[in-house]
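The values are calculated or read from the model by the stated rules, or taken from the named source; none is laboratory data. Quick caveat, the model's predicted, so the values are computed rather than measured. Glycine also receives a Cβ, built like all others from the backbone with ideal geometry; neighbour counts cover every protein chain displayed. These area figures cover heavy atoms from the full protein model, side chains too; ligands, DNA and RNA do not enter into them. Shrake-Rupley method; radii C 1.70, N 1.55, O 1.52, S 1.80 Å.
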Amino acid sequence: MIMKILRSRRPLVAAAAITVASVGLTACGGTEPDDTGSSGPTIIRALLAAQPATLDPIVGARSAQVVWATMLEPLIDIDEDLAPTDTGLITNWTRTDATTWTFTVRPDITFSNGEAADAAAVANTITLTRDTEGSPLKSYFGNVTSIEATDDATVVVTTGTPQYNIPDLLTTVYLVPPAYYQEQGSEGFAAAPVGTGPYVWAGANAGRDISVTKNPDYWGDEPTNDGVTFTWANEAAQRLALIQSGTVDVSFDLPPAQAQAAEAAGVDVVRTETAIKIIAFLDSTKAPFDDPQLREAAALAIDRDAIVSGIFDGQAAADAGLLNVRPGQQPQDSVTADPAEAARLVGDAAPAVQITYPAAQYTNIEEVAQAVGGSLEQVGFTVSYEPLDYGTLVQRIIGRQVPGVAIFAGVPNVAVPDYFVSGFMKTASLTGNCPDPQIDQLAQQALEQDSAEQAAPIYEQLNTIGVVEKHCYVPLYRQIFNYATGPGVTGVDFGPLNTVDFTKTTR
């Protein structure tokens with residue numbers, strides 16, 4: 001067994017689409033992976049828990065970046081502390097005044113289809129991110145009033161009011177080629193992505209696999225392998241069986257039981273504490289949680305420590321905070337389970353609560369939903385369940401159609417608290433479950449500081465209001481991500497922001 005806590009060195013790198021040729025499981029580059037020690041190409045076989053919904057980073061959920069980021073690169077890299085660094089496509093940034101950011105783009109970079117990856121391409125990608133309907137990052141760039149490429153190497157971004165986190169946001173914006181993206185549209189681009197990274201598109205078999213191969217013209221360090229083929233299996237038992245049989249080189253997202261079984265069979269298992277946090281969202285705009293007393297009762301009923309120990313056997317990290325986005329951080333104020341007080345607050349009302357959760361999206365999520373529901377029933381709530389596929393759940397949340405409790409992950413694509421504040425807390429946020437003018441005012445005040453460090457006291461205040469005083473959010477735990485590697489496989493770099501770097505992977 002291998003035990004380690006990894007930090008992201010750089011979000012998963014990426015490359016360009018060259019053809020839409022259909023290939024099989026072993027056809028990356030047209031040659032079967034070499035498992036015999038002969039001189040054939042080394043193709044890393046990666047097994048995912050689910051098929052990516054789309055490989056278009058403008059509209060896609062970040063759960064798919066494990067694939068697209070082999071081909072596409074973020075505008076700004078991050079370092080081991082999850083902070084922006086100058087090693088990527090953007091090499092420098094300055095805040096010329098309170099509302100103006102100037103970015104320098106690395107020169108002489110091209111997409112794999114030959115388009116220039118210059119300032120115009122960067123400006124176009126930021127504009128698409130801000131303006132495209134369905135962009136999950138759209139709201140984060142709503143304050144951006146102007147995006148201009150002033151020359152081939154310079155992009156100037158202007159905001160309506162001061163906003164300290166523009167460079168942080170660009171660490172999760174992946175560069176797309178303007179002409180190709182416009183020509184193909186979202187679906188066409190997703191069918192054969194083109195980027196600037198260390199791998200390029202090699203084809204796919206619909207519903208079966210996706211392959212990328214080494215980019216011979218990559219501007220950075222050359223990968224140590226020849227490519228990656230991605231397959232997927234929804235059942236954890238199947239992911240375990242495939243890594244044990246040697247059919248795949250790395251199997252992602254193994255629940256605790258399968259991870260322990262893999263270890264018992266002598267398979268190397270890596271555990272990474274991530275920034276992905278599972279949260280119960282209580283909708284304060286609809287019954288029963290328009291009653292603040294019942295929201296408090298629900299928050300006091302749920303025992304996150306019992307969930308971690310009972311469901312995950314300690315292979316998750318109980319976390320009582322909403323805005324402490326980096327692993328290891330804890331909030332100043334939190335809520336501790338108190339079922340007796342929760343039952344007193346509920347009284348004899350027996351209020352009905354619906355618990356909605358994304359079926360099969362997160363490790364053991366059904367058991368987590370049942371545990372939350374059981375806790376609520378014990379203090380007097382009447383509980384029903386509605387499992388949905390992830391896409392449907394997100395659309396219903398955006399449409400304000402999820403009453404009661406919604407359980408899903410907060411994934412901080414960037415490690416600053418505003419990512420959760422703007423995503424979940426503001427009235428115009430993704431969830432919109434806790435509208436409050438005071439929260440909106442404090443969120444704006446925090447963004448107008450010079451840095452996240454300066455804004456930290458405001459974020460602590462926001463956490464206390466949302467979690468401890470209003471009980472709109474019940475943080476549960478950080479996910480500890482398990483993956484297994486086959487014999488001799490090394491160099492898989494999985495980071496806490498759901499990023500994977502395969503460029504140093506060998507077998």
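In summary, no strands (runs of 3 or more DSSP E) completely within the range 42-134 bear 2 or more residues that are more than 22 Å from W219 (Cβ to Cβ) and small (G, A, S).
Yes or no, residue by residue, for (1) open to solvent by 40 Å² or more (accessible area, probe 1.4 Å); (2) modelled with pLDDT of 95 or more:
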{"position": "D81", "(1), (2)": "yes, no"}
{"position": "N113", "(1), (2)": "yes, yes"}
{"position": "A120", "(1), (2)": "yes, yes"}
{"position": "T132", "(1), (2)": "no, yes"}
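Among the residues of the range 478-501, those identified as closer than 19 Å to T172 by Cβ and among the aromatic types (F, W, Y) are F481, F494. Open to solvent by less than 50 Å² (accessible area, probe 1.4 Å), among the small types (G, A, S), at pLDDT 95 or above and touching a helix residue (DSSP H, G or I) at 6+ places or on another chain (Cβ under 6 Å): is that true of S284 in this structure? Answer is no for this residue.
Here is a yes/no grid of residues against (1) of a type in the set (A, V, I, L, M, F, W, C); (2) in a helix (DSSP H, G or I); (3) surrounded by 20 or more Cβ atoms within 10 Å (Cβ to Cβ):
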position: V308; (1), (2), (3): yes, yes, yes
position: D313; (1), (2), (3): no, no, no
position: R344; (1), (2), (3): no, yes, no
position: Q395; (1), (2), (3): no, yes, no
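Please tell me if D151 is out of contact with any Gly (no Cβ under 6 Å at 6 or more places or on another chain), open to solvent by 30 Å² or more (accessible area, probe 1.4 Å) and among the charged types (D, E, K, R). So D151 passes the test. Of the residues making up the range 245-260, those that are surrounded by fewer than 18 Cβ atoms within 10 Å (Cβ to Cβ) and either touching a helix residue (DSSP H, G or I) at 6+ places or on another chain (Cβ under 7 Å) or part of a loop (DSSP other than H, G, I, E, B) (or both) are G246, T247. Pairing residues of the range 39-59 that are free of Cβ contacts under 8 Å to residues at least 60 places away in the same chain with residues that are of a type in the set (S, T, N, Q) and open to solvent by 30 Å² or more (accessible area, probe 1.4 Å), at Cβ distances under 8 Å and at least 6 apart in sequence or on separate chains, gives G40/T31.
Among residues of the range 69-92 that are among the small types (G, A, S), those with a beta-carbon under 6 Å from a residue that is not in a loop (DSSP other than H, G, I, E, B) at least six positions away or on a different chain give the pairs A69/A14; G88/D77. Note on the range 375-384: among residues that are surrounded by fewer than 16 Cβ atoms within 10 Å (Cβ to Cβ) and without any contact (Cβ under 8 Å) to a residue 60 or more places away in the chain, the one that is nearest to A50 (Cα to Cα) is S384. Would you tally the residues in the range 173-186 being in contact (Cβ under 8 Å) with a residue 24 or more places away in the chain and either more than 22 Å from the chain's Cα centre (by Cα) or open to solvent by 20 Å² or more (accessible area, probe 1.4 Å) (or both)? Residues that pass the stated criteria total 6.
All of G347, G404 fail the test of being at pLDDT 95 or above, closer than 25 Å to T285 by Cβ and either out of contact with any strand residue (DSSP E or B) (no Cβ under 9 Å at 6 or more places or on another chain) or β-branched (V, I, T) (or both), apart from G347.
Checking each residue in the range 455-502 for being without any contact (Cβ under 8 Å) to a residue 60 or more places away in the chain and either of a type in the set (S, T, Y) or assigned to a helix (DSSP H, G or I) (or both) picks out A456, P457, I458, Q461, I465, E469, T490. Among the residues here, Q378 qualifies as modelled with pLDDT of 95 or more and farther than 19 Å from S284 by Cα.
If you take the residues in the range 271-281 that are at pLDDT below 95 and among the hydrophobic types (A, V, I, L, M, F, W, C), which one is most open to solvent (accessible area, probe 1.4 Å)? Checked the range 271-281; the qualifying residue most open to solvent (accessible area, probe 1.4 Å) is I276.
Scan the range 95-118 for residues that are within 30 Å of Q444 (Cα to Cα) and within 26 Å of the chain's Cα centre (by Cα) and the total you get is 3. A count restricted to the range 318-341 and to residues that are open to solvent by less than 20 Å² (accessible area, probe 1.4 Å) and either under 16 Å from E273 (Cα atoms) or in contact with a strand residue (DSSP E or B) (Cβ under 6 Å, 6 or more places away or on another chain) (or both) stands at 6. Looking only at the range 418-450, residues that are open to solvent by less than 30 Å² (accessible area, probe 1.4 Å) and either in a loop (DSSP other than H, G, I, E, B) or touching a residue at least 40 places away in the same chain (Cβ under 8 Å) (or both) come to 15 in all. A residue that is within 21 Å of Q182 (Cβ to Cβ) and touching a helix residue (DSSP H, G or I) at 6+ places or on another chain (Cβ under 7 Å) can be found somewhere in the range 93-105. Among the criteria (1) open to solvent by less than 20 Å² (accessible area, probe 1.4 Å); (2) assigned to a loop (DSSP other than H, G, I, E, B); (3) within 30 Å of V335 (Cβ to Cβ); (4) not hydrophobic (A, V, I, L, M, F, W, C), the one D290 does not fulfil is (1).
Take Q401 and tell me if it is open to solvent by 70 Å² or more (accessible area, probe 1.4 Å) and in a helix (DSSP H, G or I). So Q401 does not fit the description; no. Each residue in the range 358-370 was checked for being in contact with a Pro (Cβ under 8 Å, 6 or more places away or on another chain) and open to solvent by 10 Å² or more (accessible area, probe 1.4 Å), and 4 of them qualify.
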